[in-house]
Amino acid sequence: MSYRRFGLLSSHRRSMLRNAVTSLLDKEKITTTETRAKDISRIAEKMITLGKRGDLHSRRQVDSYVMTDDVVHKVFTDLASRFSERQGGYTRIIKTGNRKGDGAPMAILELVD
């Protein structure tokens, strides 16, 4: 499986993605660059799918990736019930233009209602 490196060391990249996924699942909307939004979206959708399965192994997998216990609980209660009828596509990426400082393409990543 290929992945984007973002010009970071592997430990920094992993912690950046873990923090971003945790923030997305907690706040349900974040602003980031388009490429990061694509990778964050992929991981967040896997976390929600694990939440829908709801067994102990899934809970431990989500708990090993998501940073806070409150968000893990939210994935298995609120988000799993909200997306129970949906077969994927839990996130939406909305392009918002370029960042002022360096011109990087920005996007809003949010959970679908």
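The values are calculated or read from the model by the stated rules, or taken from the named source; none is laboratory data. Note that this is a predicted model, so its numbers are computed, not measured. No Cβ is skipped: glycine too gets one built from the backbone with ideal geometry, and neighbour counts run over all protein chains shown.
So here's what we get for this one:
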quantity	calculated
Elements of type helices (runs of 4 or more DSSP H) in the stretch 21-113, at least 2 residues being in contact (Cβ under 8 Å) with a residue 24 or more places away in the chain, in contact with an Asp or Glu (Cβ under 9 Å, 6 or more places away or on another chain) and surrounded by 13 or more Cβ atoms within 10 Å (Cβ to Cβ)	69-74
Any chance residue 4 is modelled with pLDDT under 95 and surrounded by 12 or more Cβ atoms within 10 Å (Cβ to Cβ)	yes
Matching residues in the stretch 35-55 - criterion: being of a type outside the set (A, V, I, L, M, F, W, C) and more than 13 Å from residue 83 (Cα to Cα)	35, 36, 38, 39, 41, 42, 55
